[in-house]
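S.K.: One structure follows; several queries about it will come next.
The values are calculated or read from the model by the stated rules, or taken from the named source; none is laboratory data. The model shown is predicted, which means the values in this text are computed figures rather than measured ones. As a convention, Cβ positions derive from the backbone with ideal geometry for all residues, glycine included, and neighbour counts pool all protein chains shown.
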Amino acid sequence: MTSQVLMSRWFQSPWRTKSVIVALSVVFLAGFCPGCCSTQCARSESPTTVASVDTKAPPPPEAESVSGKLMHLELEGGFWGLVTTAGEKLRLTKPPAGEWSGGEAVNARIRRLEDGPSIFQWGRPVELLSIERRAPPPRSE
């Protein structure tokens, strides 16, 4: 007796009844739609054209040489960056090999990477191919 009372109260709620009807409609349409669409598409008189998509990967970016100042920034856990002589900020994806303290004038070969989301929010990501200290300019007396 109690289960019948609870069941009848459950169906008396208009929100629950509506959600049950919507759920059953979705299940019904999902079960019958693929069959209907395939027979309907087979009978259609105009052929469906599909645009071709070029699936070739873009060529890898070219390596380039830059000069600038190597920096170790203590943002978001710390990372290495390079500020070029033109003022462009480049974020190194891997730390430079060897002993570096930051602040050195360097010449580097880099490969630019696609910019994407990052926790660092500083500079454009680059892959460091090689790096060397730049000789200081001669002092003029």
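Residues checked against (1) over 28 Å from the mean Cα position of the chain (by Cα); (2) closer than 19 Å to Leu75 by Cα; (3) in a strand (DSSP E or B):
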| site | (1), (2), (3) |
| --- | --- |
| Gly98 | yes, no, no |
| Gly103 | yes, yes, no |
| Asp115 | no, yes, no |
| Ser118 | no, yes, no |
| Trp122 | no, yes, no |
| Val126 | no, yes, yes |
| Ser130 | no, no, yes |
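S.K.: Scan segment 45-74 for residues that are more than 17 Å from Val126 (Cβ to Cβ) and at pLDDT 75 or above and jot them down.
M.R.: If the condition is that a residue be more than 17 Å from Val126 (Cβ to Cβ) and at pLDDT 75 or above, then Glu74 is the only one that fits.
S.K.: Search segment 83-128 for residues being touching a residue at least 40 places away in the same chain (Cβ under 8 Å) and at positive phi, and hand back the single one that is surrounded by the most Cβ atoms within 10 Å (Cβ to Cβ).
M.R.: Among those residues, the one meeting the criterion is Gly123.
S.K.: Now a separate question. Out of everything in segment 83-96 that is basic (Lys, Arg) and outside any loop (DSSP other than H, G, I, E, B), what residue ends up being farthest from Pro61 (Cα to Cα)? Reasoning before the result, please.
M.R.: Of segment 83-96, the ones basic (Lys, Arg) are 89, 91, 94.
So of that shortlist, the ones also outside any loop (DSSP other than H, G, I, E, B) come out as 89, 91.
Values: Lys89: 18, Arg91: 16 Å.
Ranking the qualifying residues of segment 83-96, first place goes to Lys89.
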